[in-house]
Amino acid sequence: MEDLMQKIVSFSKRRGFIFPSSEIYGGFGSCYDFGPLGVELKKNIKKAWWDEMIKKQNDIVGLDASILMNPRVWKASGHLSAGFADELVECKKCHHRFRKDFVNSPAGEKCPDCGGAFTKAKKFNLMMKTSVGPVEDDASIAYLRPETCQGIYVNFKNIMQSMRLKVPFGIAQIGKAFRNEINPKDFIFRTREFEQMEMQWFCEHQKADKFFEYWLKQRLNWYYKLGINKKNLRIYEVPKKELAHYAKRAVDIEYKFPFGWKEIEGIHNRGDWDLSNHAKNSGEDLKYEGYFPHVIETSVGVDRSLFVFLTEAYQEIKGGRSGKTNTEIFLEINRILAPVKVAVLPLVKNKPEIVKKAKEIYRSLKTEFVTLYDQTGSIGRRYRRLDEIGCIFAVTVDFDTLKDNAVTIRDRDTMKQKRIKIKELSQFLNQELK
Ligand code: GAP
């Protein structure tokens, strides 16, 4: 399975999904850049989530809060206290640092890198510090948000009033978050800079349990709809003693990654922890009809879910899809998420009329769909390259096109080809890809 992980990492780089950040300088602290296909996939995941939360569900509105916030927010939220700290141990010999719970051996045993002994565990706060304004002193310290949801709580009143909302309602947000993780690892699974898609559902205390079940089910269905096999997802009820400082109940949605079952999304009952603490610390009245609404939160990482969708879709097919070639990679990704929807291929590159026609079609389709133009190699080779990135349709312009104004269109999933008039292409694709 670790082998699969290596394959996905190199595939992601080779096909323009994910590159190590600042690679020409040797990379940087487990940061990653999303290349041309990665950024399309990421955009599609975010859109699928936004459509699900804002369009399909009722009574949820959106927000885009700033990353830097008044530092008092983090005092009220509990992030400045021990609650948002990991325990860190350092090897006395090689000085490598580890998250205590990541070192397999019990405390007091040896460093996995050099066999040295560990120091005693100490608390390490995960928030990233920066300085705001021209003078760097204690008063200028600010933090990069470690989760997006605090922007939602501090805007609770603004949103409720401006949109004239009544409880229950939800606020959804997608944005960057930063954590100074001690052991970022497993490619884009755990990084220091990542994006979250979070929704906070405000409801009456008595209804919180019912809504928890509702949201858990909705969120699981979202993965199923987008092509994740049920056998690769499971839920994990977080034991009471492991709950985060704010949580009354937490269920992790876990995916079977190449390195084992791991969390992709958390569903949390946060009680009235956030609103009551922000009310106390800010002096603002954040009650609704005299009480603090309780919060059910759904929280998933964009990058982590992208890793899930890539892993799920990645296949190596011995003998190729035709059964007659070498092993081929096939990215069988859901149509909504596929980063490239259409490719336009001139049958030959040395016939100017065919190339001209193909470029014309490419230029027209790319205004509507993410489209690739590819004229190198045999058609079979080009199909294989397109299957590798999960491109859904391939449009081939051939000699007949010049006479009948029609093209051959190949469907990725069925591999069937049919002839279609150029003027009907856009309508056909819109219908198929909606
Ligand atoms: N507001 C609640 C919250 O942030 P969390 O369990 O700490 O809860 C929620 O994070 C989700 O955010 C995780 O399930 C994961 O998908 C993503 N996430 C958290 N830390 C991450 C990291 N260091 N790198 C990538 N994704 C991360």
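The values are calculated or read from the model by the stated rules, or taken from the named source; none is laboratory data. If you're wondering where the values come from, they're calculated on a predicted model, not measured in any experiment. Cβ sites come from the backbone with ideal geometry, for glycine too, and all protein chains shown count toward neighbours. Note: accessible area is taken over every heavy atom of the protein model, side chains too, but ligands, DNA and RNA are not part of it. Shrake-Rupley method; radii C 1.70, N 1.55, O 1.52, S 1.80 Å.
What to note about this one:
- Tally of residues being touching a residue at least 12 places away in the same chain (Cβ under 8 Å) and either in a loop (DSSP other than H, G, I, E, B) or touching an Asp or Glu at 6+ places or on another chain (Cβ under 6 Å) (or both) across region 113-146: 13
- Residue match in region 38-50 (condition: in the same structural domain as GLY170 (by TED's automatic domain parsing) and exposed (fewer than 13 other Cβ atoms within 10 Å of the Cβ)): no
- Any hit, region 92-111, residues being within 22 Å of ALA177 (Cβ to Cβ) and in contact with a helix residue (DSSP H, G or I) (Cβ under 8 Å, 6 or more places away or on another chain): no
- For LEU331, the conditions (1) within 16 Å of the ligand (Cβ to nearest atom); (2) buried (at least 22 other Cβ atoms within 10 Å of the Cβ) are fulfilled apart from (1).
- Residues in region 281-300 that are within 16 Å of the ligand (Cβ to nearest atom) and either of a type in the set (S, T, N, Q) or over 18 Å from ARG270 (Cβ atoms) (or both): THR298, SER299.
- If you go through region 134-178 and keep only what is more than 11 Å from the ligand (Cβ to nearest atom) and of a type in the set (S, T, N, Q), you end up with SER140, ASN155, ASN158, GLN161, SER162.
- Failed condition for PHE194, given (1) over 22 Å from THR311 (Cα atoms); (2) hydrophobic (A, V, I, L, M, F, W, C); (3) buried (at least 18 other Cβ atoms within 10 Å of the Cβ): (1)
- Check on SER12, part of a loop (DSSP other than H, G, I, E, B) and hydroxyl-bearing (Ser, Thr, Tyr): no
- The lone exception for CYS94 - which of (1) modelled with pLDDT of 90 or more; (2) crowded, with 17+ Cβ neighbours inside 10 Å it fails: (2)
- Within this structure, GLY320 passes the test of being modelled with pLDDT under 95 and open to solvent by less than 20 Å² (accessible area, probe 1.4 Å).
- Residue check for LEU226: of a type outside the set (Val, Ile, Thr), closer than 27 Å to LYS47 by Cβ and more than 16 Å from the chain's Cα centre (by Cα): no
- Residue count for region 67-90 under the criterion of being modelled with pLDDT under 90, hydrophobic (A, V, I, L, M, F, W, C) and either part of a strand (DSSP E or B) or closer than 15 Å to GLU181 by Cβ (or both): the result is 4.
- Selection of region 261-275 for residues being within 13 Å of GLN150 (Cα to Cα) and open to solvent by less than 30 Å² (accessible area, probe 1.4 Å) yields ARG270, ASP274, LEU275.
- LEU310 farther than 23 Å from LYS166 by Cβ and within 31 Å of the chain's Cα centre (by Cα): yes
- Only listed residue being of a type in the set (A, V, I, L, M) and open to solvent by 30 Å² or more (accessible area, probe 1.4 Å), chosen from ALA313, ALA250, ALA244, ALA279: ALA244
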